[in-house]
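The values are calculated or read from the model by the stated rules, or taken from the named source; none is laboratory data. Keep in mind it's a predicted model, so treat the numbers as computed, not measured. In this analysis, Cβ positions are derived from the backbone assuming ideal geometry, glycine residues included, and neighbour counts consider all displayed protein chains. Only protein heavy atoms, including side chains, enter the accessible area calculation; ligands, DNA and RNA are left aside. Shrake-Rupley method; radii C 1.70, N 1.55, O 1.52, S 1.80 Å.
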Amino acid sequence: MRALLFLLLAGTAQAGTLFEYGRQCAEQIAEIPAFSCMAGEEIPITIDGKPVPADKAPPSCDRPSLLHQADAQSQCVPGSRALVLRDDKGAQISAICRKQVARPAGSWWFDEINVISHSLKDGKTCWFTAKAKAPLSAATGIDGRAVPSPSTLKRPAVPADKVWQTPHQVAWSQPACVNCHDSGPFMYSPYIAQTTQLPGDPFGFYEPKAIGEDFKRAWSKLHAFGITTRGNTCTACHRMGNMNSCQVAMQQSTGRAPQEGGDEWSRRFPQSHWMSPGNLHSQTQWNEQFSESLKKLAACCENPQGAGCRVVEYGSKGAQR
């Protein structure tokens, strides 16, 4: 009986922690609505431009997911969906429902759901994650047809605390969200750019750990900031973060390193140089426009205090370039 009481109290505490964080995010940014993953836009998985069957998970593809999960079959699992829940002058809320195990076409089972809520007024950003229980299976997962809001008291058919992880779980997971989202709340990649479901705020205010004590404590030593140089053609379009953006994304998006999970097609120009987006230049033209700026950014990534480097602190008063 005591064990049962302990479990009930623990569940209540977990739900309260999730709701408290959700309530703070709703009050300071916007309430996250309940949604259906199936209403999202499916993210294509192709090899040499040809769609991969839904029940296959090839080891490489044209535009792999940037997110590498140890328990996923590959970074090229078909069927993931993206949707924008809100995008206006006040707030942006983006969701992505991920499949890490291949399933039949139209399956509503997903293995991970991520939601980012971002205020355009002051840059405050909230992070929510739901993960299916291991071992992952094609026949189970998270039911994406009715994903409950993590920020409302309304009792849905599926309780929010049965879907969403606690703020403690999300904040202390590795790698931390802000390691990759170091230049802003929303990451661009060829994978997500195949859809229309990507909000943009490349120079807006950004405070990734402003809400939630768990995020403040867990990310206290993670100092995300922007890096630029005078007249830089790369940071004329977006910020360059000092963590994953410097270490990985900058290399993979400019042909300096192959994209993990990418096939031979992805390694050829212009696919190998997916920054800047929609680039139609020859490689010679690309080099003339971006190579010197890239070289300077790489030097500043190594030493942000070096000559000509400028550090851009994030925050409600630190978003200016």
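Summary of computed values
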| item | result |
| --- | --- |
| Search result, residues across region 78-90 that are surrounded by 21 or more Cβ atoms within 10 Å (Cβ to Cβ) and either in contact with a Lys or Arg (Cβ under 9 Å, 6 or more places away or on another chain) or assigned to a loop (DSSP other than H, G, I, E, B) (or both) | 78, 79, 80, 81 |
| Pairs, first in a strand (DSSP E or B) in region 91-108, second modelled with pLDDT of 95 or more and among the aromatic types (Phe, Trp, Tyr), C-beta under 9 Å, six or more apart | 92/186; 94/186; 95/35; 95/128; 97/110; 98/110 |
| Some residue of region 58-77 being assigned to a strand (DSSP E or B), among the aliphatic types (A, V, I, L, M) and open to solvent by 20 Å² or more (accessible area, probe 1.4 Å) | no |
| Of all residues in region 258-286 being surrounded by 12 or more Cβ atoms within 10 Å (Cβ to Cβ) and polar (S, T, N, Q), the one that is modelled with the lowest pLDDT | 279 |
| Only listed residue being free of Cβ contacts under 8 Å to residues at least 40 places away in the same chain and surrounded by fewer than 18 Cβ atoms within 10 Å (Cβ to Cβ), chosen from 139, 130 | 139 |
| In region 168-185, the residues that are touching a Ser or Thr at 6+ places or on another chain (Cβ under 6 Å) and farther than 18 Å from residue 69 by Cβ | 182, 183, 185 |
| Test: residue in region 168-176 that is part of a loop (DSSP other than H, G, I, E, B), more than 30 Å from residue 235 (Cα to Cα) and at pLDDT 95 or above | no |
| Qualifying residues in region 278-296 (those that are without any contact (Cβ under 8 Å) to a residue 60 or more places away in the chain and small (Gly, Ala, Ser)) - the one nearest to residue 229 (Cα to Cα) | 291 |
| Top-ranked residue of region 142-154 - restricted to ones that are in contact with a strand residue (DSSP E or B) (Cβ under 9 Å, 6 or more places away or on another chain) and open to solvent by 40 Å² or more (accessible area, probe 1.4 Å), ranked as farthest from residue 110 (Cα to Cα) | 146 |
| Among (1) part of a loop (DSSP other than H, G, I, E, B); (2) surrounded by fewer than 20 Cβ atoms within 10 Å (Cβ to Cβ); (3) among the β-branched types (Val, Ile, Thr) - the single one residue 254 does not satisfy | (2) |
